[in-house]
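The values are calculated or read from the model by the stated rules, or taken from the named source; none is laboratory data. The structure presented is a predicted model; accordingly, all values stated were derived computationally and were not measured. Every residue, glycine as well, gets a Cβ built from its backbone with ideal geometry; the counts of neighbours run over all protein chains shown.
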Protein chains: 2
Amino acid sequence: MTIETLSENKSFGGIQGVYKHTSSETGTDMTFAVYVPDCKAGTKMPVLWYLSGLTCTHANVMEKGEYRRFCAEHGIIFVAPDTSPRGEDVPDDDAYDFGKGAGFYLDATQEPWATNYRMRSYIESELPDVIAANFPVDMDRQGIMGHSMGGHGALTIALRNPGRFRSVSAFAPIASPMNCPWGDKGLPRYLGDDKQLWREYDAVALIEDGARLPDLLVDQGRADNFLEEQLKTPLLDQACSKAGIPATIRLQDGYDHSYFFISTFMGDHIAWAAERLNT
Amino acid sequence: MTIETLSENKSFGGIQGVYKHTSSETGTDMTFAVYVPDCKAGTKMPVLWYLSGLTCTHANVMEKGEYRRFCAEHGIIFVAPDTSPRGEDVPDDDAYDFGKGAGFYLDATQEPWATNYRMRSYIESELPDVIAANFPVDMDRQGIMGHSMGGHGALTIALRNPGRFRSVSAFAPIASPMNCPWGDKGLPRYLGDDKQLWREYDAVALIEDGARLPDLLVDQGRADNFLEEQLKTPLLDQACSKAGIPATIRLQDGYDHSYFFISTFMGDHIAWAAERLNT
């Protein structure tokens, strides 16, 4: 549970910190960012998890996400983990969409990945304990959100852990890794050929198999180059409709896959979370 | 006047662009960023210049400055130039605070710097013509702001060009390069030993010599490591008081020199500009 402070900067009245700890799940040091709004001593605040996309670390959303203004306004702690294990001894791949920076929030079962690539257990179990032990969080009020691969992560983690998250939202999530090239490439290498196991890491399949969310907000840019081939938003829309999950899926004209898009709608997503966390 | 588009992304309803052109002043290609809010065809909007600090390019404020929300709200075009000439043939220095990334918004007179290091003329004359020719700007409504070395740039350019800028503000400006180590190092190498010339590049000296601003907003973090030795905010405060320049100089508890500080107060500075540009 020991964490090392790498940096702390005052911002919007609170503290944006970057911390490091040794993860038993990944077998590596892991870095994460936490924003804690200003609050009275003894106050416990709700916590909003943000899972990042391919190639990202904790730093992308910290630098470009424009969330602090809204977290300060609503009194919400914002946690941004890394997207994969890191380090010289961690197996990797030359591609941007597999290996380091591309952990897909799963527990790999195949070698050489199985030892370190345990981002599911890291995000679902280990890091929450670290956050609970070190920050003024009310763990009964959690929300989760993410972008692209991190949208996939947010959706699948929320679907597999019913009741844990009062709010769930995503920017341009990978709706169904089993039905896109990113998943076709990554799932067999991380998980082997048993497609039943893949279904635990596919939001659409989890919904088909009976998992539910209280409701859902998704923003998706219509000018996103990945929309048609990789993200498959319509599959998520259909699955939610069929399952009766109230999903607000907004297609935004002219917006792409970048943080210029995410930052535009971050305020809406944090307001969505605040409505569900601060009541 | 030809500019090349390097990227354009929709953000907060407008377009964040990055452009390149060949500068006759610096003798190099120069990159700059422009944010244009959504507007009716034919509308001309005021323009707000943002000059960045040591080591920065156009990208730092574009990624971390959190200005687009407010520029969209107030209908203001935001221009972020680079801080120095760039390129393999441009003379440089190993230090972060001299040479590339450290143009100090001056026209160098000393070799080997004089050929390329002409950021004063570039920002005062050449780039405004490029902006006027390529974007829907109303050049009768200009404001200027900057951070650190860019705060020095904003103040000195505004002081030397009375009437051009309706609004002037700065984050943690270098108030008096003639009275700090950054200036002690850079001014003689760029400008030679004639201290009369140095006074054109020192806000406090310009005010002492009779230059004036309509008014001024400055935010300065009290936890800024550079405050005492390099920034010398009290000298600016004293000079404004003596000259009768209405200066709102706010010392902000706990804030440092970073974009975590700048982004916190960016909304205030754009509101300050909007009051003066949109009337």
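Just need a number here: residues in the range A:10-24 that are part of a strand (DSSP E or B) and away from chain B (no Cβ under 14 Å).
Looking only at that region, the number is 4.
Filter the range A:220-231 down to the residues that are out of contact with any Cys (no Cβ under 6 Å at 6 or more places or on another chain) and touching a residue at least 40 places away in the same chain (Cβ under 8 Å), then identify the one that is farthest from the other protein chains (Cβ to nearest Cβ).
Looking at residues that are out of contact with any Cys (no Cβ under 6 Å at 6 or more places or on another chain) and touching a residue at least 40 places away in the same chain (Cβ under 8 Å), I get A:Glu229.
Limited to the range B:16-42, what total is found for residues that are surrounded by fewer than 18 Cβ atoms within 10 Å (Cβ to Cβ), within 24 Å of B:Thr279 (Cα to Cα) and at pLDDT 95 or above?
Adding up the residues that qualify gives 1.
Pairs needed: first member in the range A:248-274, within 10 Å of chain B (Cβ to nearest Cβ) and of a type outside the set (Gly, Ala, Ser); second member anywhere, crowded, with 24+ Cβ neighbours inside 10 Å and in a helix (DSSP H, G or I); C-beta distance under 6 Å; at least 6 residues apart or different chains.
Here the result reads A:Tyr255/A:Phe261, each pair linking the range A:248-274 to a residue that is crowded, with 24+ Cβ neighbours inside 10 Å and in a helix (DSSP H, G or I).
Can you list residue pairs whose Cβ atoms sit under 6 Å apart, with the first residue in the range A:180-206 being closer than 21 Å to A:Thr115 by Cα and touching a residue at least 60 places away in the same chain (Cβ under 8 Å) and the second being surrounded by fewer than 16 Cβ atoms within 10 Å (Cβ to Cβ) and hydroxyl-bearing (Ser, Thr, Tyr)? Count only pairs 6 or more apart in sequence or on different chains.
Between residues of the range A:180-206 that are closer than 21 Å to A:Thr115 by Cα and touching a residue at least 60 places away in the same chain (Cβ under 8 Å) and residues that are surrounded by fewer than 16 Cβ atoms within 10 Å (Cβ to Cβ) and hydroxyl-bearing (Ser, Thr, Tyr), the close pairs are A:Leu191/A:Thr109; A:Gly192/A:Thr109.
Does B:Gly27 qualify as being more than 14 Å from chain A (Cβ to nearest Cβ), touching a residue at least 40 places away in the same chain (Cβ under 8 Å), in a loop (DSSP other than H, G, I, E, B) and touching a His at 6+ places or on another chain (Cβ under 6 Å)?
Spelling it out, it is not the case that B:Gly27 is more than 14 Å from chain A (Cβ to nearest Cβ), touching a residue at least 40 places away in the same chain (Cβ under 8 Å), in a loop (DSSP other than H, G, I, E, B) and touching a His at 6+ places or on another chain (Cβ under 6 Å).
Please report, ordered by residue number, the helices (runs of 4 or more DSSP H) entirely within the range B:169-271 with at least 2 residues that are at pLDDT 95 or above and buried (at least 20 other Cβ atoms within 10 Å of the Cβ).
Fully inside the range B:169-271 and qualifying: B:181-191, B:203-208, B:233-243.
Looking at A:Ser7, is it of a type in the set (S, T, N, Q), more than 14 Å from chain B (Cβ to nearest Cβ) and surrounded by fewer than 15 Cβ atoms within 10 Å (Cβ to Cβ)?
Criteria not met by A:Ser7.
So A:Val61 ticks every box in (1) under 27 Å from B:Gly267 (Cβ atoms); (2) at pLDDT below 95; (3) β-branched (Val, Ile, Thr) but one. Which box is left unticked?
Every condition holds for A:Val61 apart from (2).
Please determine, by comparing only the residues of the range B:214-273 that are closer than 14 Å to A:Ser11 by Cα and polar (S, T, N, Q), which one is farthest from the chain's Cα centre (by Cα).
By that ranking, first place goes to B:Gln252.
Restricting attention to the range B:47-102, report how many residues are under 20 Å from B:Arg118 (Cβ atoms), touching a Lys or Arg at 6+ places or on another chain (Cβ under 8 Å) and within 14 Å of chain A (Cβ to nearest Cβ).
So the answer is 0.
Could you check, for the range A:127-140, whether at least one of its residues is in contact with a helix residue (DSSP H, G or I) (Cβ under 9 Å, 6 or more places away or on another chain), closer than 20 Å to A:Leu54 by Cβ and at pLDDT 95 or above?
no
What about B:Tyr105, is it within 29 Å of B:Asp184 (Cβ to Cβ), out of contact with any helix residue (DSSP H, G or I) (no Cβ under 9 Å at 6 or more places or on another chain) and more than 14 Å from every other protein chain (Cβ to nearest Cβ)?
No, not satisfied.
Which residue, of B:Ala80, B:Ala133, is of a type in the set (A, V, I, L, M, F, W, C) and in contact with a strand residue (DSSP E or B) (Cβ under 6 Å, 6 or more places away or on another chain)?
From the options B:Ala80, B:Ala133, the qualifying one is B:Ala80.
One line per residue, one yes/no per condition, for (1) hydroxyl-bearing (Ser, Thr, Tyr); (2) in contact with a His (Cβ under 6 Å, 6 or more places away or on another chain):
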position: A:Tyr67; (1), (2): yes, no
position: A:Ile77; (1), (2): no, no
position: A:Ala80; (1), (2): no, yes
position: A:Ser84; (1), (2): yes, no
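Taking the range B:123-166 only, how many residues are part of a strand (DSSP E or B) and under 14 Å from B:Val79 (Cβ atoms)?
Count: 10.
Being among the charged types (D, E, K, R) and under 20 Å from B:Ala102 (Cα atoms) is the filter; apply it to the range B:43-70 and report the residue that is surrounded by the fewest Cβ atoms within 10 Å (Cβ to Cβ).
Result: B:Glu63.
Within the range B:232-242, can one find any residue that is within 13 Å of chain A (Cβ to nearest Cβ) and of a type in the set (A, V, I, L, M)?
Taking every residue of the range B:232-242 in turn, none turns out to be within 13 Å of chain A (Cβ to nearest Cβ) and of a type in the set (A, V, I, L, M).
Table: residues versus (1) surrounded by 24 or more Cβ atoms within 10 Å (Cβ to Cβ); (2) over 16 Å from the mean Cα position of the chain (by Cα).
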residue	(1), (2)
B:Thr83	yes, no
B:Asp94	no, yes
B:Gly103	yes, no
B:Met119	yes, no
B:Leu127	no, no
B:Val130	no, yes
B:Val137	no, yes
B:Asp140	no, yes
B:Ile144	yes, no
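May I ask you to say which residue of A:Phe104, A:Phe78 is closer than 18 Å to A:Ile157 by Cα and in a strand (DSSP E or B)?
Just one listed residue meets the conditions, A:Phe78.
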